[in-house]
Amino acid sequence: MNLKDLILEEYKTFAPQASNAVSKVLREESIKQVAEWGIPTIKQEEWKYTNLKSILDTPFRLNASPAATSNAIHYYNIDAYKLVFVNGILNASLSDTKGIEAFATLKSISEAEPAILSKYFNKFHPFQDGLQAANLAFAQHGVYLHVNKGKALPKPVVVYFLSDTTQGPIFAQPRNLIVLEQGASAKWIESFQSTGNDTSFTNICSEFFLHQDSHLEQYKFQQENDKAYHVGTSQVVHLEKSYSHSAVLTWSGALVRNNLNIHLGAEYCEAHLYGLYLGNNSRHIDNHTLVDHAMPNCYSNELYKGILDDQSTGVFNGKIWVQKDAQKTNAFQSNKNVLLSQKATMNTKPQLEIFADDVKCSHGATVGQLDEEALFFLRARGIPLAQARMLLMQAFSDDVLNKITIPALQEEITATIAQRLRP
Amino acid sequence: MSDSNKILEELTQSDYKYGFVTNIENDSAPKGLSEDTVRFISAKKNEPEWLLEWRLKAFRHWLTMETPTWANVTFPAIDYQDIIYYSAPKQKISLSSLDEIDPELRATFEKLGISLDEQKRLSGVAVDAVIDSVSITTTFKGKLSELGIIFCSMSEAVHEHPELVKKHLGSVVPITDNYFTALNSAVFSDGSFCYIPKGVRCPMELSTYFRINAANTGQFERTLLIADEGSYVSYLEGCTAPMRDENQLHAAVVELIAMEKAEIKYSTVQNWYPGDKNGKGGIYNFVTKRAICAGDHAKISWTQVETGSSITWKYPSVILKGDYSIGEFYSVAVTNNMQQADTGTKMIHIGKNSRSRIVSKGISAGKSQNSYRGLVKVMPRAENARNFSQCDSLLMGDQCGAHTFPYIEVGNPSAIVEHEATTSKIGEDQVFYCNQRGIDTEKAVALIVNGYCKEVLNQLPMEFAVEAQKLLAISLEGSVG
């Protein structure tokens, strides 16, 4: 049975006990879309360079929640709230949420305050495909975080998603909703890790809703093993004068697809997007971003950098939409890539679609290699070639690593990356 | 701000200069497309059996294909049965001198500013004039043949140089390439053929002038240009059409082949009728242009100035097969009113040390949509491939759109690929600067636009650069604020 059939089959057992996080009508509609569209293929423009075909026949289990394996998780050495998901399902005993005022699971909030969900849930979906529809059809495992007006969360929230394949291949579909009220601020960190030797497939969606003057920082660290497939969508909806800062770092996993969609839905919003991807072996890393400038006077800035070695493949697609009303838009985008080996491939597509005239938009994309002259400079000073290359690659990565604003976390991730770049 | 708005409004009102119709008797095929139409065209042109087979193969393949929809343009479905696929101006059987050409025809070309008279030798441009997809005449033939250069219509070439045509026709753009090439291969009626022998530097610009005259016709011409080892040629192409309310289809195929150390410079000034202010009428320009640098050190340069057509959909491409080969693409695309353009280029790097350069300047005004769509592909064996792309968009007015879809696929670590793009409008500060120095707003806008396009216009041969600049000026005519 292929993945699509597995999803359809699983839905039959899931439907009767589904929560109201998503209305029954919407669930039915979504599952119909899954049946119709199937799992995305390279025939679709959005999936042109990323092929999921090789894992479609894996006998995934869709509702696997094995015993908590706390020692399989690497916890970051920072002071933070902690949430642990194992195979897409929240594990309360491993989590530590003491002190967060408004925190619930999607399921419990749909029972307690259905109005909240209908206000914020699933409000922005610029692209639809079979996987996103599947996530929506099954949405109930995941967290709901609400930061009240004027409040700043005192500590960052770190969410660990563990794929435990010790009992066979798993398919997990968490979905989260984060709402920041007026003037609120929060830091949200997603970390993907795995244990076991079998294939895992995570199909996650996180939605962020930013009210006026709110401030969000969100990070995504991908450090699963070489049998992990990951398709993740983060959507940020901005209201007036809100600010978001996103950084997506990928240095492991078999196939990783990160979608980051930003909707600037009111004036004077600001969004910063950063990405770093390190490919080696036959890793495939795909970053799709969208900045949708719907209203005037917004600012967006995007920087994605990648280093690709061995037979790895990198994909970057950065869309900037400037809609008709979005005058006085400033939008910048840059994608820089280094290819280290003969068999590495980079496919990049920076894409601007502009319908307003009073705008400043620019994008740039480069693919090249380490600077010969810089290497020569270092070697002339007695630094061996391998080390000189590493230094240059570290410097290349630092542009993005420096955007991690939590010092202890920055240090730890920088060290991990340095370890990866060591010859 | 209101000034420039007014300018833009007036800009949209400038008229299409070439919209006249010439009364020439036509010899047409009946409307519609079937195998019979293909046979009719082939028979009409007295073609050899292999070409008919080739056409039929293309037609049968076309039947299995679907209209592509990926381009960023919208138009109602085309009824392929409502088009006349062959229309030739009726004329006396054969021409020994230019004087025998139908005076109406000659007048047409005079109006277009193209002199077919050899007296105008001073202008030094050899012209192949194609009206309603049939080549009318080719000038300077004798002089060119002294050098061994073959420059004639495609139908002539089929008869006189079948070995060259057979070998190269469809070698760069195969009949199965896409929907419109399959259609073109099945029904193409004429076009230009050019062969430059080894080591010859073509002493003059070669030029083809295309004009659609008859109503309800589609123009399907085919150009094949071969530059043998070490040769050089500069080739110009111009297009106009009468103003008509219905849309007319132009689906041409251009194939260029450059052998070792050969250089081809191909320039286009495309000024098909763009439709009226409300988007009624106009030409659908769905053209496939592709070149191959077949040998080492070959160089191919595309330059295009696109001002016409209601829909432009074309991507002049270069396959850089030879080592050290060079591909260039310079483009200015102006869209106004309801025009839509989805244009760009493809640079496929196969050879080592191959280089390519893309400079694309889009100007959108009125309610038009202007897209750049490009592909830079570096194959794994293309060591040290180098590409630089720049695509800028200039927006005039708040109703138009500018879009960029650059695809970059790099499979070799020694390649260096750079892409940059900007989008902006004419700065008020720039206009103010000019005003301050006594240059009125209209002139200032023209000055800025001209400066913006300079990089591309400079690439055009002199005769064409003048025409292109005039064209840009026409677009800006009457735009005093």
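I need a count of the residues in the range A:385-417 that are out of contact with any helix residue (DSSP H, G or I) (no Cβ under 7 Å at 6 or more places or on another chain), more than 19 Å from A:VAL338 (Cβ to Cβ) and free of Cβ contacts under 8 Å to residues at least 12 places away in the same chain.
3
Specify which of the listed residues (A:TYR229, A:TYR274) is touching a Lys or Arg at 6+ places or on another chain (Cβ under 7 Å) and of a type outside the set (S, T, N, Q).
A:TYR274
Is one or more of the residues making up the range A:104-114 more than 23 Å from the chain's Cα centre (by Cα), modelled with pLDDT under 90, buried (at least 19 other Cβ atoms within 10 Å of the Cβ) and not β-branched (Val, Ile, Thr)?
Yes.
Say whether the condition of being surrounded by fewer than 20 Cβ atoms within 10 Å (Cβ to Cβ), in the same structural domain as A:PRO169 (by TED's automatic domain parsing) and touching a Leu at 6+ places or on another chain (Cβ under 6 Å) is met by at least one residue in the range A:128-143.
Checking the range A:128-143: not a single residue is surrounded by fewer than 20 Cβ atoms within 10 Å (Cβ to Cβ), in the same structural domain as A:PRO169 (by TED's automatic domain parsing) and touching a Leu at 6+ places or on another chain (Cβ under 6 Å).
Does B:ASN387 meet the test of being polar (S, T, N, Q) and outside any loop (DSSP other than H, G, I, E, B)?
yes
Checking B:ILE319 against (1) free of Cβ contacts under 8 Å to residues at least 60 places away in the same chain; (2) part of a strand (DSSP E or B): exactly one of these is not met. Which one?
Evaluating B:ILE319 over (1) free of Cβ contacts under 8 Å to residues at least 60 places away in the same chain; (2) part of a strand (DSSP E or B) leaves (1) as the failure.
Mind listing whichever residues of the range A:328-359 are of a type outside the set (D, E, K, R) and more than 7 Å from chain B (Cβ to nearest Cβ)?
Matches in the range A:328-359: A:THR329, A:ASN330, A:ALA331, A:PHE332, A:GLN333, A:SER334, A:ASN335, A:ASN337, A:VAL338.
Does A:LYS319 fit the bill of being in a strand (DSSP E or B), more than 8 Å from chain B (Cβ to nearest Cβ) and in contact (Cβ under 8 Å) with a residue 60 or more places away in the chain?
no
Can you tell me which of (1) free of Cβ contacts under 8 Å to residues at least 60 places away in the same chain; (2) assigned to a loop (DSSP other than H, G, I, E, B) is the one A:GLY232 doesn't meet?
Tallying (1) free of Cβ contacts under 8 Å to residues at least 60 places away in the same chain; (2) assigned to a loop (DSSP other than H, G, I, E, B), A:GLY232 fails exactly one: (2).
Kindly indicate whether any position in the range B:160-180 is under 20 Å from B:MET259 (Cβ atoms), β-branched (Val, Ile, Thr), at pLDDT 80 or above and in a helix (DSSP H, G or I).
Yes, because at least one residue in the range B:160-180 is under 20 Å from B:MET259 (Cβ atoms), β-branched (Val, Ile, Thr), at pLDDT 80 or above and in a helix (DSSP H, G or I).
What number of residues within the range A:360-374 satisfy the criterion of being at the interface with another protein chain (Cβ under 7 Å from one of its Cβ atoms) and not in a loop (DSSP other than H, G, I, E, B)?
9
Being at pLDDT 60 or above and in contact with a helix residue (DSSP H, G or I) (Cβ under 9 Å, 6 or more places away or on another chain) is true for just one of B:ALA126, B:ALA29. Which residue is that?
That would be B:ALA29, the only listed residue that is at pLDDT 60 or above and in contact with a helix residue (DSSP H, G or I) (Cβ under 9 Å, 6 or more places away or on another chain).
Condition (residue is facing chain A (nearest Cβ under 7 Å), surrounded by fewer than 20 Cβ atoms within 10 Å (Cβ to Cβ) and either within 20 Å of A:LYS319 (Cα to Cα) or not small (Gly, Ala, Ser) (or both)) applied to the range B:368-377: is it met by at least one residue?
Our first condition is that a residue be facing chain A (nearest Cβ under 7 Å); within the range B:368-377, this holds for none.
No - not one qualifying residue is present in the range B:368-377.
I need a count of the residues in the range A:8-57 that are under 24 Å from A:HIS230 (Cβ atoms) and assigned to a loop (DSSP other than H, G, I, E, B).
Summing the residues that are under 24 Å from A:HIS230 (Cβ atoms) and assigned to a loop (DSSP other than H, G, I, E, B) in the range A:8-57 gives 16.
Which of the helices (runs of 4 or more DSSP H) contained wholly in the range B:402-481 include at least 1 residues that are within 19 Å of the chain's Cα centre (by Cα), within 23 Å of B:ILE300 (Cβ to Cβ) and at pLDDT 80 or above?
Where helices (runs of 4 or more DSSP H) fall fully within the range B:402-481 and carry at least 1 residues being within 19 Å of the chain's Cα centre (by Cα), within 23 Å of B:ILE300 (Cβ to Cβ) and at pLDDT 80 or above, they are B:441-457.
Give the residue, chosen from A:SER282, A:SER242, that is outside the structural domain of A:ILE404 (by TED's automatic domain parsing), of a type in the set (Ser, Thr, Tyr), touching a residue at least 24 places away in the same chain (Cβ under 8 Å) and surrounded by fewer than 22 Cβ atoms within 10 Å (Cβ to Cβ).
Of the residues listed, the single one that is outside the structural domain of A:ILE404 (by TED's automatic domain parsing), of a type in the set (Ser, Thr, Tyr), touching a residue at least 24 places away in the same chain (Cβ under 8 Å) and surrounded by fewer than 22 Cβ atoms within 10 Å (Cβ to Cβ) is A:SER282.
Any residue that is loosely packed, with under 15 Cβ neighbours inside 10 Å, within 23 Å of the chain's Cα centre (by Cα), modelled with pLDDT under 90 and of a type in the set (Gly, Ala, Ser) - is there at least one of those in the range A:58-66?
Taking the range A:58-66 first, the residues loosely packed, with under 15 Cβ neighbours inside 10 Å are A:59.
Next, from what is left, pick out any that are within 23 Å of the chain's Cα centre (by Cα): none.
No, there is no match, as no residue in the range A:58-66 is loosely packed, with under 15 Cβ neighbours inside 10 Å, within 23 Å of the chain's Cα centre (by Cα), modelled with pLDDT under 90 and of a type in the set (Gly, Ala, Ser).
Just give me the residues in the range B:382-400 being modelled with pLDDT under 90 and over 17 Å from A:SER362 (Cβ atoms), in sequence order.
Those that are modelled with pLDDT under 90 and over 17 Å from A:SER362 (Cβ atoms): B:MET396, B:GLY397, B:ASP398, B:GLN399, B:CYS400.
Within the range B:413-451, which residues are at the interface with chain A (Cβ under 7 Å from one of its Cβ atoms) and touching a strand residue (DSSP E or B) at 6+ places or on another chain (Cβ under 7 Å)?
B:PRO413, B:ALA415, B:ILE416, B:VAL417, B:GLU418, B:HIS419, B:GLU420, B:ALA421, B:THR422, B:THR423, B:SER424, B:LYS425
Out of the range A:78-107, which residues are among the basic types (Lys, Arg) and assigned to a helix (DSSP H, G or I)?
A:LYS107
Taking the conditions exactly as written (free of Cβ contacts under 8 Å to residues at least 40 places away in the same chain and within 13 Å of chain A (Cβ to nearest Cβ)), does B:THR404 satisfy them or not?
yes
Condition (residue is aliphatic (A, V, I, L, M) and modelled with pLDDT of 95 or more) applied to the range A:219-228: is it met by at least one residue?
The answer is no, given that none of the residues of the range A:219-228 is aliphatic (A, V, I, L, M) and modelled with pLDDT of 95 or more.
The values are calculated or read from the model by the stated rules, or taken from the named source; none is laboratory data. Predicted model only: the values in this text are computed from it and were never measured. Glycine gets a Cβ as well: all are built from the backbone with ideal geometry, and neighbour counts include every protein chain shown.
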